[in-house]
1. In whole percent, what relative contact order does the chain give with Cα contacts below 8 Å and a gap of six or more residues?
2. Please work out how much length the chain gains when fully extended from GLN25 to ILE4, using 0.36 nm per residue of separation minus the C-alpha to C-alpha distance, in nm with one decimal.
3. Can you give me the Kirkwood hydrodynamic radius for the chain, using every pair of distinct Cα atoms, in Å to one decimal?
4. Can you list the HN-Hα couplings for segment 23-37, worked out from phi with the Karplus curve (6.51, -1.76, 1.60; θ = phi - 60°), rounded to whole Hz and with x for Gly and Pro?
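Read the figures in this text as sums done on the coordinates, not as results from a lab. Just so we're clear, the structure is a prediction, and the values are computed from it rather than from any experiment.
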Amino acid sequence: MGSIKCTVHECQYNKDVMCDAPMIQINHNGVRRANGSEETQCDTFKPKR
Ligand code: SF4
C-alpha cells in the first residue's frame with residue numbers, strides 16, 4: 001500500500017502521523033455523492049485503548 005499520512009493520532013493504526021493499517025476503507029459520510037473530502041470518512045479507524 002502507498003504511504004498514507006493521517007493526523008488522527010488517537011487511532012490505533014496511527015504511527016508517527018502515518019497510517020500503519022494493511023488496508024483502509026473509506027466511505028461516504030452521510031451523503032450519496034461526495035462533493036468534498038469532508039463528506040468522506042475512514043471506516044477503518046479504531047480508537048486507541
Ligand atoms: S485507519 Fe484511518 S484514521 Fe486510522 S490511521 Fe489509518 S487512515 Fe488514519
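1. Values: 65 pairs, mean separation 16.9, N = 49.
Relative contact order for the chain comes out at 34 percent.
2. On the way: separation 21, 0.36 × 21 = 7.56 nm, distance 1.23 nm.
Gain in length upon complete extension: 6.3 nm.
3. Working: mean 1/r = 0.0862 Å⁻¹.
By the Kirkwood definition, the hydrodynamic radius is 11.6 Å.
4. For segment 23-37, the Karplus-derived couplings read 7, 10, 10, 10, 10, 4, 10, x, 10, 8, 9, 7, 10, x, 4 Hz, x marking Gly and Pro.
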